[in-house]
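S.K.: Submitted below is the structure of interest, expressed as structure tokens.
The values are calculated or read from the model by the stated rules, or taken from the named source; none is laboratory data. Predicted model, so just to flag it, every value in this text is computed and none were measured. Cβ sites come from the backbone with ideal geometry, for glycine too, and all protein chains shown count toward neighbours.
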Amino acid sequence: MIENIDLSLVNWSRGQFALTAMYHWLFVPLTLGITFILAIMETIYVRTGDEHWKKVTKFWMTLFGINFAIGVATGIILEFEFGTNWSNYSWFVGDIFGAPLAIEGIMAFFLESTFIAVMFFGWNKVSKKFHLAATWLVAIGANLSALWILVANAWMQHPTGMHFNPDTVRNEMLNFWEVLFSPVAVNKFLHTVTSGFVLASVFVVGISSWFLLRKRELLFAHRSIIVATIFGIMSTLYVIVTGDGSAKKIVQVQPMKLAAMEGLYNGQEGAGLTAIGVISGSKDDPENKNMENFAFRIEIPNFLSYMAYGKSNAFVPGINDLIKGNPERGIMSAGEKIERGRYAREMLREYKKARETNDSTGIQILQAMFTDQNFINDYFRYFGYGFIENIDQLIPNVPLSFYSFHLMVGLGFYFLIFFILFLIYAIRKKLEQRRWILRLALLTIPLAYITSMSGWTLAEMGRQPWVIQDLMPTFAAVSQIDSGTVRITFWLFAAIFTMLLIAEIKIMTTQVKAGPKDGGH
Amino acid sequence: MKRNILSGVIMFYVDGFRNLSSLGRRLWLIILIKLFVIFILLRLLFFPDFLKSEYNSDKERSEHVLEQLTR
């Protein structure tokens with residue numbers, strides 16, 4: 001299979017998808033989080049009747065509006081790419097990907113667009129309570145929209161609730177609820193949206209700090225910081241809890257990703273978690289022995305075992321265990337999985353032959369085989385391994401997975417300390433005197449975006465070579481199209497998205513400089 | 001009654017768009033240009049649905065993907 005694949009096409013298609021997804025994600029997390037911050041601020045306004053809270057709400061609502069307007073529909077391009085560049089994948093996933101995306105489209109259109117109109121056009125026209133309800137519904141709607149795309153992504157990380165139909169060559173949904181409430185999907189949704197809450201909180205604290213540095217709108221900035229830091233602390237704690245939940249799921253369904261994100265080559269009982277580490281090159285160390293592949297490392301003893309299994313002495317498989325197999329621990333070798341995957345593919349070839357020769361008996365037998373639970377569990381679940389020619393293809397980019405994971409976690413804990421410090425200084429009314437922390441808040445805004453991108457880099461790069469875990473490798477998912485076209489659209493997207501990003505920053509900066517305005521209800 | 005509600009909703013949107021601030025107008029312009037670029041230029045020129053444009057029926061599409069997955 002691999003020799004028939006144009007790797008330049010695969011790489012450009014992957015690069016294009018990564019580029020569009022990452023640019024799209026620049027806009028999404030701020031929307032997810034700032035809508036809730038707005039709703040909290042407006043609730044305080046409605047409950048207290050204090051007009052200043054309305055001024056605060058309207059300012060952040062304007063920034064939300066800019067972000068929403070610039071970001072809206074940028075995700076549609078990803079759907080175009082599925083149909084053009086990734087047609088084998090799109091067909092193979094069948095209605096499992098289509099159904100959540102369709103729900104997302106409908107929800108996004110009706111919930112968000114209806115209530116966003118009330119949010120922006122409704123001041124002075126609808127009652128305060130109706131307006132508040134609309135603001136809350138925008139926040140809930142935006143986050144529910146994210147739910148569906150995250151459910152689809154979670155299915156790719158852990159396919160469940162479906163069966164493969166060799167006749168249609170599609171995975172067909174057997175149980176919608178199993179897809180929706182798969183533990184991976186639930187954790188992914190909660191972890192991702194709450195990470196958006198953290199980013200939005202950092203954004204609000206950072207912009208408010210700018211006002212304090214300029215000695216402008218002090219009450220506005222102070223109130224915004226109080227709401228954002230409390231929301232930020234709660235969100236960060238929740239991100240930590242859901243991150244822990246994600247790790248426990250990853251070790252079950254994507255153990256290679258867990259090994260890669262920790263740079264763990266040889267499995268261990270009581271494995272320690274690398275708090276800070278620098279991976280050394282592996283050219284002089286082809287075996288990459290566990291303790292030799294770090295130039296520098298500070299370890300928290302036993303913590304990886306605890307994080308993965310909730311037990312400090314549990315065995316955590318390393319990359320070598322997963323490749324070579326570890327019979328003592330009941331871990332199947334990659335070679336065995338490849339053999340099983342090849343058998344499943346061979347059966348699909350037999351089915352194709354039977355269909356071409358109108359061999360109805362053969363068709364019936366093979367159709368029955370693809371619904372037989374033993375065949376599914378023992379062979380079809382390794383279908384994607386049947387495409388693998390070189391065992392090294394099964395190892396994701398270890399340094400990238402390692403650094404993106406550690407950057408995400410390290411900055412996550414930094415945000416917690418950052419919010420707590422800010423809240424303490426804000427309550428003591430000492431923020432204006434601590435100019436260093438105000439400057440730090442401005443610098444923290446890009447760090448929040450870097451953290452968010454690191455999370456997605458780990459999620460998507462750490463699961464390679466799979467586009468659908470164990471069922472379809474990324475290189476088998478591409479359409480046979482001209483790689484030149486993909487290159488052209490890659491640069492076209494890079495230009496369009498960069499223009500949008502510049503527009504966002506420019507318009508937002510102008511609005512921030514203009515500051516909050518009075519007026520309304 | 002239903003008509004009053006409907007006309008009220010329509011007027012709500014009409015008034016909202018009529019009284020847009022200069023920022024609102026600029027954002028709507030960006031949205032419209034972006035939608036034009038995405039749905040007209042990109043979709044039509046660069047992003048046809050590969051299987052829909054190359055094959056006429058689901059049977060042909062499934063045969064193509066089957067060929068791709070078994071070659």
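S.K.: Can residue A:33 be described as closer than 20 Å to residue A:446 by Cα and more than 11 Å from chain B (Cβ to nearest Cβ)?
M.R.: yes
S.K.: Which helices (runs of 4 or more DSSP H) sit wholly inside region A:1-84 and have at least 2 residues that are closer than 30 Å to residue A:476 by Cβ and of a type in the set (A, V, I, L, M)?
M.R.: A:7-48, A:76-84
S.K.: What pairs come out if I take residues in region B:2-28 that are free of Cβ contacts under 8 Å to residues at least 40 places away in the same chain and pair them with residues that are of a type in the set (Lys, Arg) and part of a loop (DSSP other than H, G, I, E, B) whose C-beta lies under 8 Å away, six or more apart or interchain?
M.R.: Within 8 Å, the pairs are B:12/A:125; B:15/A:125.
S.K.: Looking at region A:155-163, can you tell me whether even one residue there is within 13 Å of chain B (Cβ to nearest Cβ) and either farther than 24 Å from residue A:253 by Cβ or surrounded by fewer than 18 Cβ atoms within 10 Å (Cβ to Cβ) (or both)?
M.R.: For region A:155-163, residues within 13 Å of chain B (Cβ to nearest Cβ) and either farther than 24 Å from residue A:253 by Cβ or surrounded by fewer than 18 Cβ atoms within 10 Å (Cβ to Cβ) (or both): absent.
S.K.: With the requirement that a residue be in a helix (DSSP H, G or I) and either crowded, with 23+ Cβ neighbours inside 10 Å or in contact with a Phe, Trp or Tyr (Cβ under 6 Å, 6 or more places away or on another chain) (or both), what does region A:476-489 give you?
M.R.: Hits for region A:476-489 are A:476, A:483, A:486, A:487, A:489.
S.K.: Okay, moving on. For the structure I just gave you, tell me whether residue A:77 is β-branched (Val, Ile, Thr), within 12 Å of chain B (Cβ to nearest Cβ) and under 19 Å from the mean Cα position of the chain (by Cα).
M.R.: Taking the combined requirement at face value, the residue satisfies it.
S.K.: Further, regarding this structure: Kindly indicate which of A:348, A:304 is part of a helix (DSSP H, G or I), out of contact with any Phe, Trp or Tyr (no Cβ under 7 Å at 6 or more places or on another chain) and at pLDDT 95 or above.
M.R.: Answer to the selection: A:348.
S.K.: Could you count how many residues in region A:355-384 are assigned to a helix (DSSP H, G or I) and more than 19 Å from residue A:163 (Cβ to Cβ)?
M.R.: The number of residues fulfilling the criteria is 4.
S.K.: Looking at (1) under 18 Å from the mean Cα position of the chain (by Cα); (2) in contact (Cβ under 8 Å) with a residue 40 or more places away in the chain, which one does residue A:241 not meet, given that it meets all the others?
M.R.: Only one criterion in (1) under 18 Å from the mean Cα position of the chain (by Cα); (2) in contact (Cβ under 8 Å) with a residue 40 or more places away in the chain is unmet by residue A:241, namely (2).
S.K.: Somewhere in region A:94-117, is a residue under 23 Å from residue A:189 (Cα atoms), outside any helix (DSSP H, G or I) and either touching a helix residue (DSSP H, G or I) at 6+ places or on another chain (Cβ under 7 Å) or within 14 Å of chain B (Cβ to nearest Cβ) (or both)?
M.R.: yes
S.K.: With the requirement that a residue be of a type in the set (Ser, Thr, Tyr) and more than 30 Å from residue A:347 (Cβ to Cβ), what does region B:20-71 give you?
M.R.: B:21, B:22, B:53, listed by residue number.
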